[in-house]
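Asker: Below is the structure I would like to discuss, written out as structure tokens.
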Amino acid sequence: VAYPKNSFKDVELPNGFGNLQDLPGFGSLNPRTEGVRTLGTLWSSSLFPGRTPPGYNLLLNYIGGSRDIGIANLSDDEIIKFVDNGCRQVLLKEDAPPPKLIGMKVWPTAIPQYELGHLPLIQELAKAESKLPGLWVCGNYRTGVAFPDCVTFGYEHAKVVKEYLDQQQNVDDTSAAKGTVKPSSAPKASTTPMMSTGTKKVPFYLTEKKTKTSQKQKVAAQ
């Protein structure tokens with residue numbers, strides 16, 4: 001949602017941050033004790049200059065969560081109303097105009113919740129990886145829900161994957177030089193059902209597709 005800058009509270013933030021109307025920061029979080037339904041707000045126009053016309057501030061609000069699942073049953077207008085109320089409680093003057101809605105997205109399942117019992121699941125994943133070299137299980141349910149955490153884990157884990165693949169390549173090159181073939185490098189038998197068409201075998205779905213195409217051509221010819 002977007003509001004005119006002059007509709008924000010005209011207060012100087014502590015520690016020399018600046019005036020709130022300029023949104024001099026990253027965003028704000030709302031503790032549950034404050035009675036604000038919105039969980040937090042990113043100050044998008046400060047993070048990404050050029051997102052709004054001069055004289056406006058753009059806010060990206062997060063509302064709902066595992067402790068407020070009832071939000072999913074509300075209409076779009078009701079959700080916008082609660083978001084607007086939260087902005088007025090924290091950032092805006094009492095006479096601020098209605099928000100300009102830029103966009104809204106409802107995620108039925110969003111941030112993973114590390115509930116009781118999550119740690120044993122992660123330990124099981126680690127055991128599975130240790131038993132099957134070349135298997136890596138990644139995701140924000142394992143590495144932390146924040147985007148920087150996911151990026152950092154992915155970047156570091158890519159090094160692990162590359163090291164493993166390089167080792168496999170070295171083994172393959174050594175085997176080829178000796179004229180031997182590793183059993184694991186032999187092609188695996190296909191599990192796709194096959195059908196014979198003359199002297200060749202092709203997957204059944206290709207045969208079925210070809211048959212349907214031929215039938216369509218016959219109908220068109222008629």
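The values are calculated or read from the model by the stated rules, or taken from the named source; none is laboratory data. Everything numeric in this text was worked out from a predicted model, so none of it was measured. Positions of Cβ are generated from backbone atoms using ideal geometry, with glycine treated the same way; all protein chains shown enter the neighbour counts. When the accessible area is computed, the model is the full protein with side chains, heavy atoms only, and any ligands, DNA or RNA have been set aside. Shrake-Rupley method; radii C 1.70, N 1.55, O 1.52, S 1.80 Å.
Here's the yes/no breakdown for (1) of a type in the set (Val, Ile, Thr); (2) part of a helix (DSSP H, G or I); (3) open to solvent by 90 Å² or more (accessible area, probe 1.4 Å):
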site	(1), (2), (3)
77	no, yes, yes
102	yes, no, yes
116	no, no, yes
127	no, yes, yes
145	yes, no, no
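Residues checked against (1) polar (S, T, N, Q); (2) touching a helix residue (DSSP H, G or I) at 6+ places or on another chain (Cβ under 9 Å):
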site	(1), (2)
3	no, yes
7	yes, yes
21	yes, yes
24	no, yes
34	no, yes
84	no, no
94	no, yes
105	no, no
110	no, no
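Asker: Taking into account only those residues within segment 26-41 that are open to solvent by 40 Å² or more (accessible area, probe 1.4 Å) and within 27 Å of residue 78 (Cβ to Cβ), which is nearest to the chain's Cα centre (by Cα)?
Answerer: 39
Asker: Could you say which residue among 131, 81 is open to solvent by 90 Å² or more (accessible area, probe 1.4 Å), closer than 30 Å to residue 168 by Cβ and charged (D, E, K, R)?
Answerer: That would be 131, the only listed residue that is open to solvent by 90 Å² or more (accessible area, probe 1.4 Å), closer than 30 Å to residue 168 by Cβ and charged (D, E, K, R).
Asker: Restricting to segment 47-74, count the residues that are open to solvent by 40 Å² or more (accessible area, probe 1.4 Å), not aliphatic (A, V, I, L, M) and not in a loop (DSSP other than H, G, I, E, B).
Answerer: 3
Asker: Given the structure, is residue 4 over 30 Å from the mean Cα position of the chain (by Cα), surrounded by 14 or more Cβ atoms within 10 Å (Cβ to Cβ) and touching a residue at least 40 places away in the same chain (Cβ under 8 Å)?
Answerer: The answer is yes for residue 4.
Asker: Can you find even one residue in segment 10-25 that is buried (at least 19 other Cβ atoms within 10 Å of the Cβ), under 29 Å from the mean Cα position of the chain (by Cα) and closer than 19 Å to residue 103 by Cα?
Answerer: For segment 10-25, residues buried (at least 19 other Cβ atoms within 10 Å of the Cβ), under 29 Å from the mean Cα position of the chain (by Cα) and closer than 19 Å to residue 103 by Cα: absent.
Asker: Further question on the same structure: Within segment 84-100, can you find the residues that are in a helix (DSSP H, G or I) and either open to solvent by 80 Å² or more (accessible area, probe 1.4 Å) or at pLDDT below 90 (or both)?
Answerer: 89
Asker: Which residue pairs have Cβ atoms closer than 7 Å, lie 6 or more positions apart in sequence or on different chains, and pair a first residue in segment 48-71 that is closer than 19 Å to residue 105 by Cα with a second residue that is among the small types (Gly, Ala, Ser) and in a loop (DSSP other than H, G, I, E, B)?
Answerer: 71/64
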